[in-house]
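Here is the structure we will look at, set down as structure tokens.
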Amino acid sequence: MKKLFAAIVIIFCHSVLHAQTELPAGLTAEGYSNEYLDTLNVKKKLVINDYSMLGVQYGVNLSQVMWNPAQKQDMLLLPYNIGVTYTKYGKMFGYMPYFGFQMGLFYTQEGYQFEYNEDKDYTYTIEGAEKAVYDIVELPMYFHFHYDLWNFKILAQIGCYGGYRLGIHRYPGKTGNVTPDLENSFLPTDRRWDYGLKGGVGFGIVFDPIEIHLQAMYKYSLGTLYDPDHYSEYYYRYAYPSNIIISAGVHFHLTKRTGKTKAELKKMAKDMVYQKSETEQ
């Protein structure tokens, strides 16, 4: 154990000295004065490991619904998009360190609010409600792209999600009339399972071992809010929610982002100890 600990210390010191004294490609120390070598600006190369993170994320939704037939509506601001994420970065084809996979579990909201129609002098309602808000649990999965600098990174991701509508809150507004039994209840024709596409872009600030991510995402549901034939078996109606999500997250490194990992240092130390023992024999 003493030999192993000593070897780890030697490797660490060697790595630090090597990073501080390494010259640019094509240059050697011979033939140059100390004064000239002191003026060189030697930059350390950034090497990103295949690391993983656990994150906590909060955001707000700008929600509306794609109606068929079309209806006038306002963008609805909803303050709940809370979840946890797991991110795993890896090299594509063994040498392209720009890719990863992310999945999460979220509690979120989406909904709609109809706009007063001046042309027809009324506000459209569904089951007497001018406005409705859905509570949803959601499981997203993304392909993740990242481009890293030392303390900054650019992010992009695209993927899909599955969800379940836990609850509904209907609001009559000024002209509507929601019966008490429907205010917080689903109808048999309402669809509660949800699924769709999700993607976005953002950036991250790195304070190793913590990262702060700011993102803008777009979510489009492929699961309509109700059975298309709930009004008529001859005339189908669809309602697909869509959301713009602005979020911030704090992500904690589970493994090292840069530098040699503990496993790599132990392996190098063992190799040095065994090589030294074989040489002495």
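Read-outs: derived from the displayed coordinates by stated rules, not from any lab. Computed from a predicted model, the values in this text were never measured in an experiment. Reconstructed Cβ throughout: ideal geometry from the backbone, glycine too, with neighbour counts over all protein chains shown.
Under 5 Å between amide hydrogens, built in the peptide plane, is the criterion, and for Arg191 it picks out Tyr226, Asp227 among residues at least 5 positions away or on other chains.
Site pair Val47 and Leu105 shows an inter-label distance of 3.7 nm when each label is modelled 7 Å from Cα along Cα→Cβ. Amide H contacts for Leu254 (H built 1.01 Å from N in the peptide plane; partners 5 or more residues away or on another chain; cut-off under 5 Å): Ser52, Met53, Leu54.
Neighbour counting of Cβ atoms within 10 Å sorts the residues Phe252, Phe114, fewest neighbours leading, into Phe252, Phe114.
Sorted largest first, the spans of the alpha carbon positions of segment 77-210 along the three principal axes are 61, 32, 25 Å.
A straight chain from Ile82 to Ser242 at 0.36 nm per residue would run longer than the Cα-Cα distance by 55.9 nm. Taking trypsin sites (Lys or Arg not before Pro) across segment 78-142, the ones in a DSSP loop with at most 14 further Cβ atoms lying within 10 angstrom of their Cβ are Lys120. Taking 0.36 nm per residue of sequence separation and removing the Cα-Cα distance, the Ile158/Tyr218 pair yields an extension gain of 20.6 nm. With 0.36 nm allotted per residue and the present C-alpha distance subtracted, the Val137-Asn68 stretch has 22.3 nm of extension available. Computed over Cα pairs, the Kirkwood radius of segment 203-244 leads via Stokes-Einstein (1.567 mPa s, 4 °C) to a diffusion coefficient of 95 µm² per second.
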